[in-house]
Amino acid sequence: MQTSNHDGDAHAATDEAEWALRVDLAAAYRLVALFGWDDLVFTHLTARIPGPEHRFLINRYGMGFDEITASSLVKIGLDGLPVDEARSDQPIPVNPAGFVIHSAVHAARDDALCVMHTHSLNGIAVSAQRDGVLPISQQSLFVLAALGYHDYEGVALNDEEKPRLVRDLGRNTFLMLRNHGLLTVGASVADAFLAMYIFEAACAIQVRAMAGGGDLLRIPAPILVGIQAQAAQVTRGLGGALAWPSLLRRLQRHNPGYDR
């Protein structure tokens, strides 16, 4: 984890484990912008701070993903209120829809340290297709092995939607929000980001394949069996941690400063 070039005061007031999580989450925000998955300021990534309090980090509403820093992330509780707000003399705004979606998942899934939600064009396009993700690429198989679907209920502002979100996600890694976008969870920021990369790639491939106008060749169902074990082999059992250092190096070249 990188911890250099950060705001000294912010780091001094934060324990090392939380600071490392802040750095990774800030990096993920900037990587989402770098890959073109951001929707101005209208989506959100969160990371749960280890401990019994169920507090998690989220972006300040209104900041572009390409300008998020470790110290700018807001710590909120399951009640939606910022923690340690006394450190600022101004109210801290967070996306209310982000709170509803992410608080529901964090409360229900102890293994979901990180939750990522995007409104990418490819993701929304596939979420609007009745058959959802099709088994037409290797990437799609990784998604289909752990995919749920959640029907659109409007902008996620209603707490009554939370149980249905949790039910539809189940124990899956991937959730397609119908007519809305994509959601992934992971035991680390790196895992959730790799899952989102694969999810987005599967959707982009599907959109392009369908635009070609020819008949699509579907991968036979028996090949799906055992795909998760194969995925673990591909990543050497490291999951997102295999690619994460190289992603941070890329980010450092294109948009440094996330670790402040």
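Here are some notes:
- Screening region 168-213 for residues that are outside any helix (DSSP H, G or I) and among the hydroxyl-bearing types (Ser, Thr, Tyr) and picking the one that is surrounded by the fewest Cβ atoms within 10 Å (Cβ to Cβ) gives Ser188.
- Residue check, Arg48 in contact with a Leu (Cβ under 8 Å, 6 or more places away or on another chain), surrounded by 19 or more Cβ atoms within 10 Å (Cβ to Cβ) and among the charged types (D, E, K, R): yes
- Test: Thr69 is at pLDDT 95 or above and under 17 Å from Leu183 (Cα atoms): no
- Residues of region 238-251 that turn out to be under 23 Å from Ser137 (Cβ atoms) and exposed (fewer than 13 other Cβ atoms within 10 Å of the Cβ), as a count: 1
- If the condition is being more than 15 Å from the chain's Cα centre (by Cα), of a type in the set (Val, Ile, Thr), at pLDDT 95 or above and not in a helix (DSSP H, G or I), then region 87-139 contributes Val133, Ile136.
- Cβ-Cβ distances below 8 Å connect the following pairs, each with a first residue in region 189-202 that is under 9 Å from Gly239 (Cα atoms), a second residue that is assigned to a helix (DSSP H, G or I) and of a type in the set (D, E, K, R), and a separation of six or more residues or different chains: Ala190/Asp24.
The values are calculated or read from the model by the stated rules, or taken from the named source; none is laboratory data. In this text the structure is predicted, and so the values were computed from the model without any measurement. With ideal geometry, Cβ positions are generated from the backbone for all residues, glycine too; neighbour counts draw on all protein chains shown.
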